[in-house]
Amino acid sequence: MVTTILFLPLIGALVIFLLGDERLQLPKYVATAFSFATFVLSVILFVIFDRGRQGFQWIDHFTWIHLTIAGTTFEVQYKVGVDGLSLPLVLLTTGLTFLSVLISYEIDTRTREYFLWLLVLETGVIGVFTALDFILFFLFWEVELVPMYLLISIWGTGRKEYAALKFVLFTVAGSSLMLVGILILGFTAGTFDIVTLTSMKITSSIVPLWLIFWLILAAFFVKLPVVPLHTWLPDAHTNAPTAVSVLLAGVLLKMGGYGILRLAIDILPDTAKDFGTLFAILAAIGIIYGALIVLRQRDLKRLIAYSSVSHMGFVLLGIAALGQVGMTGAATEMFAHGIITGMLFIMVGLIYERTHTREIAQMSGLMRQLPFIGVFFYIAGFASLGLPSLASFVAEVLVFLGSFDKYVPMTVLGVVGVLLSAAYLLWMLQRVLWGPPMERWQGLKDATAWWERVPVVALTLAILAVGIYPRWLVDVFQMGITPIASRLA
Amino acid sequence: MTEIDRFAPVLILLITAGLLLLDDMFLPEKRHLPWLTLLGLLVSAAWTGSLVARDSRGSIYHDMLLLDNYAIFFYFLFPAVAGAVILGAIEFARRMDDRVGEFYALILVVAAGAMMLASANDLIMIFIALETTSISQYALAGFLRDNRSSEAGVKYLLLGAVSTATLLYGMALLFGLTGTTGLPGIAEALTRADSGLRPAYLLAATLIAAGFGFKMVVFPFQMWAPDVYEGAPTPVTAYLSVASKAAGFAIVLRVFFVALAGTLITAEWTQLFAVIAAISMTVGNVLAIQQRNIKRLFGYSSVAQAGYFLVGVTAVSVANGRFTLAASGVLFFIATYAFTNLGAMLAIVAIENAIGSEEIADYSGLAKRSPWLAAVLAFCLISLTGLPPTAGFFAKVYIFYAAVQAKYVWLVVIAVLNTLLAAVYYLNIVRVMYLGEAKAPTGLRAGAAIRFAMTVAALGVLVFGVVPVPLLDAAQKAANVFRF
């Protein structure tokens, strides 16, 4: 089942590759079909997932490479499965990719390659979340590089080539260091199997354990991102095409959070305990710095990009507490941020399609011409600042409850961050949507196409679903976090 | 007779080379020459296959040469590489009219010499084989007779001669110290050696390493590579970048892990290799970033790739018998590197045939003009960077794992950071091809032969990236000759 979900997008990409004809609009329909099918399968998996059983389920497994040479074994398995932590993230990925495909209907150049790379990207990300062998994990982590590079640099705007290259270089730097950590870990433990690694106690290695810890964290800290390794994010988010920004902010950043939880903390829990305070400090810096920088932004997309840096600070804060509540909050924040920021980027994309500018100063009073977009933009904005009954509130409450015990000053700064996010979001919404209408925007058309409206409404429903009755999500995350928290105790 | 039987694969190539020269002299029709060459390569490979089937292993000519699994690995590799180059060179060679036969013959001699080098078991044999393969390469480098090619040939000749002389000096010292030229004999003498002779042995080993360093294209013996790669005819560059380097590493592994494997001096030259590897990778990658000519870029990238190979060689530590993992890693890397580099360079040959330029800027928009050529080149470049799902990804992971096992963590960190540097210039080429504006609206056609060779190479890169086990097993069998 998991393998099907994992490879269905890749098969879709292959189908698009073989059906070479762009004129019949085939690529986008094939992409829609395959991404929708993948989404449906993941929903089914989410429903039938056994909430009574701890640990990984639906494991698909075969030994891929097995070499025994003079007493040493080098083994890489194809092993994929889901547990409470990864299943909602898989759901997030498939859902957002499907909606991204819909939003991408507006792409009119080289559509075949575009949808092809989008589907390949989906396989890569699902692979990251479901891989249960460390080398396999690394393989899927690297798979997303080429599609992202091409997607940003070909179909992006502004300084797209610069942004794409920066993204690749930062990611490769982080993941290269992670590879060293993985190899040392695999050599020390004698296996690359993640399930085994998390259940065994690693006491010593050929290099100090903290070095392995930070080598592995390197990739995740670049991805999350943690200040000061975040400088790739604003460029990449701003200059990527809308759908890619949605995926980047909604899904790719979560690979970082997932990695920190599952691979760094779960495998080396004792080492993690030494660095809890450092995590909290970095989190607080990220939250406040991110929020303050946002206040200075004049580009709509860049504003939301920096707000992502700030929100990922919340994730790190929840993780820093190394407790059940905090980490569940972090996971929930990942999901919530995914759907909320995904929606924000979609709204910005819709506006940009019509006004062809992202300068906040140049837009005013758009609510009159674009009521549909305006209303839902507001909903997304309120969701982002953590209004109760919308997704982010639940997550942020859990994070703060979890971290307050241990790190009072950082938590206080985190709450201040919420205040700042309210400031910049409300300011942005007021500036763009209300105020005196401008001449040049008189003739704008609202969002009427079905492929524009469906993603917006779907995401709103998701935000409400998590915000009003979060148990369907949080309970699942809790299942995955409990073993990690117990190892930290 | 068994000895000729075992030597036959090499002999067949040499005989075919001779036939080609005769054929060229007497028959006016040239078009069948490449096919005759390929036939010779096929027969040679088939003979090797029959040797494997008959389980024939052992010494050739009184232990001067050794036919073991290691040699067989290369007896298959070098004809395959030569075959791919010949398929890629058909269109180029047509321009050579009266010297076509020599061109193909020289390619065969290079392969034959390389095969001899891989099975050499004696210092003198090593020298003979090395000269056989090298001199033919010097001639090939200067084949075009224009300014650049002639300069490349002469440079290669002069620097090659100096390095061979250095090598010979080291060999002479080794002979003087041990009293024998056979590799096993040297190993034995080393174990019984008086520790007071350590400096002498170290000197010999260093000189030998320097001599081979030229062939391996490592720092600080890499100066010739960019110029020669740029000046030589592009099919020859493709051949050099794979066969010459593979031969170099084949013999280095043999010499250092059979002859010089005793604990007397191992720690020193292991450390030496580690440092050279680190510097080569960095120097190669940094200098490649600013290159505008793609052949020159591949020259520098060759230096960097040699650094990766050397990381694997470093990891084959003798102290602990567990590390044949690294030896098989190096061999796996050699094989996948052959596929990858051939795929990339053959694509470059095809592109040069079509647009007549070697400048990266002229590759702009290639993806629109010939999606197939651009895709093959891009895929092979991705493999050279070490991204999945290519064979290059696995080769790197494997070698780095072996290095971690050997506790060379600092070296692995430098190596992975070099992946970052390499990504800059490899991806730049991909960027130019896919994002750039096409310089002319016309599509590009490549000949059937070269397209076939490119397909096989690219498929190899993909297949061994997804199912590396068969090749890993072959590499492991070959590496088991290094018994510690």
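Just so it is clear, none of the values below were taken in a lab; they were calculated from the coordinates. These numbers were taken from a predicted model, which means no experiment stands behind them. Methodologically, a virtual Cβ is constructed for each residue, glycine included, from the backbone with ideal geometry; neighbour enumeration extends over all protein chains shown.
General remarks:
- Dipole in debye (nearest 20) - region B:167-320, about Cα centre, beta carbon charges: Lys, Arg +1; Asp, Glu -1: 280
- Separation of alpha-carbon centers, region A:253-325 and region A:140-175, rounded to whole Å: 22
- Couplings for region A:126-134, taken from phi via the Karplus curve 6.51 cos²θ - 1.76 cosθ + 1.60 with θ = phi - 60°, read 4, x, 4, 6, 10, 5, 10, 10, 5 Hz in order; Gly and Pro are left as x.
- Local net charge near B:Val52, Cβ-Cβ under 12 Å (Lys/Arg +1, Asp/Glu -1): +2
- What the phi angles of region B:459-469 give under the Karplus curve with 6.51, -1.76 and 1.60, with θ = phi - 60°, is a coupling list of 4, x, 4, 5, 4, 6, x, 9, 10, x, 4 Hz, glycine and proline written as x.
- Adding -39500 (n - 2.57) for every DSSP H run of four residues or longer, then dividing by how many residues chain B holds, sets the calculated 222 nm ellipticity at -25500 deg cm²/dmol.
- Taking a ≥ b ≥ c as the square roots of the eigenvalues of the alpha-carbon gyration tensor, region B:1-148 is classed prolate because a/c is 1.5 or more and a/b outweighs b/c.
- What the phi angles of region A:283-289 give under the Karplus curve with 6.51, -1.76 and 1.60, with θ = phi - 60°, is a coupling list of 5, 4, 4, x, 4, 6, 4 Hz, glycine and proline written as x.
- Placing +1 on each Lys and Arg Cβ and -1 on each Asp and Glu Cβ, with no other charges, gives chain A a dipole about its Cα centre of roughly 840 debye.
- Helical runs (DSSP H, four residues minimum) scored at -39500 (n - 2.57) apiece and divided by the length of chain A put the mean residue ellipticity at 222 nm at -23500 deg cm²/dmol.
- Relative contact order of region A:275-489, defined on C-alpha pairs under 8 angstrom at six or more residues apart (%): 29
- Part-to-part distance (alpha-carbon centres) for region B:287-309 and region A:42-100, which is given in Å: 39
- Charge sum, other residues only, whose C-beta stays under 14 Å from A:Ser421's C-beta, Lys/Arg counted +1 and Asp/Glu -1: -2
- Between the amide H of A:Ala447 and those of A:Phe372, A:Ile373, distances stay under 5 Å, these residues lying 5 or more places away or on another chain, with hydrogens modeled in the peptide plane.
- Remark: relative contact order (chain A) = 15 percent; criterion is Cα-Cα distance under 8 angstrom and separation of 6 or more residues.
- Dipole of chain A, positive end: most advanced residue of A:Ser104, A:Thr123, A:Ala218 [Cβ charges, Cα centre]: A:Ser104
- Other residues lying with their Cβ under 15 Å from the Cβ of B:Leu331 contribute a combined charge of +2, Lys and Arg counting +1, Asp and Glu -1.
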